[in-house]
Amino acid sequence: MRCTFSVLTQDSPGVLMRISGLFYKRNYNIASLSVSQTDDPGFSRFTIVVDADEWAHEQIEKQLAKLVEVITVDNLNNNGKFVERWLSLIKVKANVENRPHILQIADIFRCRVVDMGSDALTLEVTGDEGKMQACTEALRAYGIVDIAGSGSVALSRAGFNNGEEHLRDDGFKKFDLGYLMADKHEIVTRSAV
């Protein structure tokens with residue numbers, strides 16, 4: 001079973017080596033690993049996707065939390081809904097005859113053209129893993145020259161209490177952005193007091 005971890009760490013040399021070494025020593029395979037600095041310059045966020053059973057997910061979470069540089073470990077699959085995106089750059093052979101067809105496929109998958117030459121196009125694709133695979137398969141018939149991908153980046157969902165509703169005494173439902181009341185198919189909003 002596939003599992004996605006979001007790991008907040010101190011931004012210091014050797015953290016990537018210690019995290020990847022933890023997976024290596026325990027013979028767990030990393031399906032995707034992405035890391036970048038956060039908005040706070042002293043910290044980095046790792047997004048790690050692992051194929052393993054549930055017992056292994058618990059062990060990975062516990063072992064990551066033991067590392068000195070690790071601040072938090074979130075198993076995004078256990079914590080409710082989360083947003084996940086993948087990024088790929090795909091260079092495709094594109095002569096004058098097949099270029100309109102490739103651009104039509106790019107439009108269907110909402111790709112951006114980021115580079116164009118006389119005999120090839122480079123497309124940027126973002127979305128979930130399924131979209132990456134479907135787009136790649138659609139372009140394969142035209143001749144893929146090269147592919148580079150970022151792997152998964154993910155965060156837990158924000159806002160609206162992750163879908164939890166809280167009723168007040170006056171019948172309004174409390175959400176993060178205020179109060180809503182349904183009245184015969186009409187939604188009335190007012191600011192939270």
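The values are calculated or read from the model by the stated rules, or taken from the named source; none is laboratory data. All figures in this text were calculated on a predicted structure; none of them were measured in a lab. Methodologically, a virtual Cβ is constructed for each residue, glycine included, from the backbone with ideal geometry; neighbour enumeration extends over all protein chains shown.
Regarding region 13-36, can at least one residue be identified that is under 17 Å from ALA154 (Cα atoms), aromatic (Phe, Trp, Tyr) and not assigned by TED's automatic domain parsing to the domain that holds SER88? Quick ask: steps written out before the conclusion?
Step one: filter region 13-36 for residues under 17 Å from ALA154 (Cα atoms), giving 30-36.
Retained after the next criterion (residues that are aromatic (Phe, Trp, Tyr)): none.
Scanning region 13-36 turns up no residue that is under 17 Å from ALA154 (Cα atoms), aromatic (Phe, Trp, Tyr) and not assigned by TED's automatic domain parsing to the domain that holds SER88.
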- Query: Can you tell me which of LYS93, LYS81, LYS131 is of a type in the set (Lys, Arg) and more than 24 Å from SER6 (Cα to Cα)?
  - Reply: LYS93
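Here are VAL50, VAL96, VAL92, VAL114: which of them is out of contact with any Phe, Trp or Tyr (no Cβ under 8 Å at 6 or more places or on another chain), part of a strand (DSSP E or B) and either within 28 Å of ARG140 (Cα to Cα) or of a type in the set (Phe, Trp, Tyr) (or both)?
Working: VAL50 fails: out of contact with any Phe, Trp or Tyr (no Cβ under 8 Å at 6 or more places or on another chain); VAL96 fails: part of a strand (DSSP E or B); VAL92 fails: out of contact with any Phe, Trp or Tyr (no Cβ under 8 Å at 6 or more places or on another chain).
Going through VAL50, VAL96, VAL92, VAL114 in turn, just one is out of contact with any Phe, Trp or Tyr (no Cβ under 8 Å at 6 or more places or on another chain), part of a strand (DSSP E or B) and either within 28 Å of ARG140 (Cα to Cα) or of a type in the set (Phe, Trp, Tyr) (or both): VAL114.
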- Message: Need pairs with beta-carbon distance below 6 Å; first residue in the same structural domain as PHE46 (by TED's automatic domain parsing) and within region 57-68, second assigned to a helix (DSSP H, G or I); sequence gap 6+ or separate chains.
- Response: GLN63/LEU22; LEU67/ARG18
- Message: Quick check on this structure: which one of ASP115, ASP128 is exposed (fewer than 14 other Cβ atoms within 10 Å of the Cβ) and within 30 Å of PHE82 (Cβ to Cβ)?
- Response: ASP128
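Among the residues of region 31-40, is there at least one that is out of contact with any strand residue (DSSP E or B) (no Cβ under 6 Å at 6 or more places or on another chain) and either more than 20 Å from LEU76 (Cα to Cα) or of a type in the set (Asp, Glu) (or both)? Step through it out loud before you land on a result.
If we filter region 31-40 for residues that are out of contact with any strand residue (DSSP E or B) (no Cβ under 6 Å at 6 or more places or on another chain), which is where we start, we get 36, 39-40.
Checking which are either more than 20 Å from LEU76 (Cα to Cα) or of a type in the set (Asp, Glu) (or both) leaves us with 39-40.
Yes, that holds for at least one residue.
Sort out which residues of region 16-42 are part of a helix (DSSP H, G or I), loosely packed, with under 13 Cβ neighbours inside 10 Å and small (Gly, Ala, Ser), and write them in order of number. Reasoning before the result, please.
Quick first cut of region 16-42, residues part of a helix (DSSP H, G or I) only: 16-25.
Keeping just the survivors that are loosely packed, with under 13 Cβ neighbours inside 10 Å gives 17, 21, 24-25.
Result: GLY21, single match.
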- Query: So which residues in region 53-74 are surrounded by fewer than 16 Cβ atoms within 10 Å (Cβ to Cβ) and not in a loop (DSSP other than H, G, I, E, B)?
  - Reply: GLU54, TRP55, GLU58, GLN59, LYS62, ALA65, LYS66, ILE71, THR72
- Residue list for region 117-130, filter: free of Cβ contacts under 8 Å to residues at least 40 places away in the same chain and part of a helix (DSSP H, G or I): GLY130
- Item | Condition check for GLY80: at pLDDT below 90 and not acidic (Asp, Glu) | yes
- Message: Which count do you get for residues in region 75-88 that are in a strand (DSSP E or B) and farther than 19 Å from THR9 by Cβ?
- Response: 6
- Just checking, how many residues over region 86-104 are under 13 Å from CYS135 (Cβ atoms) and out of contact with any strand residue (DSSP E or B) (no Cβ under 9 Å at 6 or more places or on another chain)? 1
- Query: What number of residues within region 131-143 satisfy the criterion of being exposed (fewer than 14 other Cβ atoms within 10 Å of the Cβ), outside any loop (DSSP other than H, G, I, E, B) and not basic (Lys, Arg)?
  - Reply: 2
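Go through SER152, SER191, SER156 for me and flag whichever is in contact with a strand residue (DSSP E or B) (Cβ under 6 Å, 6 or more places away or on another chain), at pLDDT below 95 and exposed (fewer than 10 other Cβ atoms within 10 Å of the Cβ). It would help to see each step written out before you state the result.
On the way: SER152 fails: exposed (fewer than 10 other Cβ atoms within 10 Å of the Cβ); SER156 fails: exposed (fewer than 10 other Cβ atoms within 10 Å of the Cβ).
That would be SER191, the only listed residue that is in contact with a strand residue (DSSP E or B) (Cβ under 6 Å, 6 or more places away or on another chain), at pLDDT below 95 and exposed (fewer than 10 other Cβ atoms within 10 Å of the Cβ).
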- Odd one out for ASN78 among (1) touching a strand residue (DSSP E or B) at 6+ places or on another chain (Cβ under 7 Å); (2) closer than 21 Å to LEU33 by Cβ; (3) not hydrophobic (A, V, I, L, M, F, W, C): (1)
